[in-house]
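One structure is given here, and the rest of the page talks about it.
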């Protein structure tokens, strides 16, 4: 005769919910209880069925991941960290991508998610207020990574402080004409990273008493190709620029390519700094404000598991540190440079 979870719970003297949590390795179960439940389950020959458990609990054991890209460095690393953490707890990830750079993207449809996921993680996706409200109305745990509304749980870096530190690094090297390659045209919410990084650059320039002429801010849409095009136009139109702060490493790489096309040496003629800590940064010698993207995915997924389990209170969010990694793409202004 096959024994079910109720038999294990009865023999161990605990609830079926405790049996489920103990056998799945979830928190809020004492080690003594966990050991007793496992022993009883082994003696009764009980093996939990994921599909049966899902049907009984009304849960899907699946988390929806909403993101604009899976190929770009930050998004790929965040998703990898989140998916690894979910998998370790026997949870699946259901990935939804939304193209945001080629015309109007499709609207986030909460009806698609309602019966398919137990929670939703939004990874750097620009969203309208109505879309956020629709997701919140699902009544399922909701976490944002990279940026999110102030009334939602968010895992991110301090974008303003990171941009200030990057710009101050260039100012400390003697640069006075510092341009900025910023992000997506559609990423205009007040809580988007592009907004805070732009604010940080402007703030650092203002604190140093440095002017920002018209045309010193260009949009590279967070990828190499568009960063290259934007930077070439910037450098052609503003020969006085001696340094560029790019809001991502991929755009910074585009700036370096554009400088090479124009016969400019990096860093002798132009210093370049990015944000991220991209895997290829060391190869090209890119100075950057590095962040731990996989750890942000792990943190968000761990918070999600806690919310679903109904365990200890989850914090309102987490802010991860960034650190300056100084390599060979930044250096002091040189008097012999044509741009010095």
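Each reported figure results from applying straightforward, stated rules to the coordinates on display, with no laboratory input. Keep in mind that this is a model prediction, so the values were computed, not measured. Every residue, glycine among them, receives a Cβ derived from its backbone with ideal geometry; neighbour counts consider all protein chains shown.
On full extension, the segment bounded by residue 97 and residue 80 gains 4.7 nm, given 0.36 nm per residue less the C-alpha separation.
In the chain, the longest principal axis of the Cα atoms and the axis of helix 249-261 are about 30 degrees apart. Cα centroids of the stretch 281-335 and the stretch 145-199: 13 Å apart.
At a 10 Å Cβ-Cβ cut-off, how would you order 292, 276, 109, 92, fewest neighbours first? Intermediate values should be presented prior to the final figure.
Numbers: 292 18, 276 26, 109 11, 92 14.
Listing 292, 276, 109, 92 from fewest to most nearby Cβ atoms yields 109, 92, 292, 276.
Straightening the chain between residue 31 and residue 212 buys 59.2 nm, computed as 0.36 nm per residue apart minus the Cα-Cα spacing.
Kindly state, to the nearest 0.05, the FRET efficiency for residue 128 paired with residue 328, given R0 = 45 Å and r defined as their beta-carbon distance. So, using R0 = 45 Å, E works out to roughly 0.60.
Using a simple spin-label model with pseudo-atoms 7 Å out from Cα toward Cβ, residue 279 and residue 137 lie 4.1 nm apart. Residue order for 248, 20, fewest other beta carbons within 10 angstrom first, comes to 20, 248. Using alpha carbons only, how many degrees (0 to 90, rounded to 10) separate the axis of helix 31-44 from the longest principal axis of the chain? That works out to roughly 50 degrees. Taking semi-axes √(5λ) of the Cα gyration tensor in Å as the quantity of interest, determine which of [x] 49, 19, 16; [y] 30, 27, 17; [z] 40, 21, 19 was computed from the displayed structure. The listed entry that was calculated here is [x].
Relative contact order of the chain, please, whole-number percent, based on alpha carbon pairs below 8 angstrom and at least 6 residues apart. Walk me through the intermediate numbers first.
Working: 653 pairs, mean separation 57.9, N = 340.
Reported as a whole number, the value is 17 percent.
To the nearest ten degrees, helix 159-172 and the longest principal axis of the Cα atoms of the chain are 30 degrees apart. For the stretch 192-340, relative contact order (Cα pairs under 8 Å, six or more residues apart, normalised by length) works out to 21 percent.
With a Förster radius of 35 Å applied to the beta-carbon distance between residue 268 and residue 71, the computed FRET efficiency rounds to 0.60.
Going by C-beta contacts inside 10 Å, put 69, 191 in order with the fewest on the left.
On the way: 69 20, 191 17.
Ranked by crowding around the Cβ, least crowded first: 191, 69.
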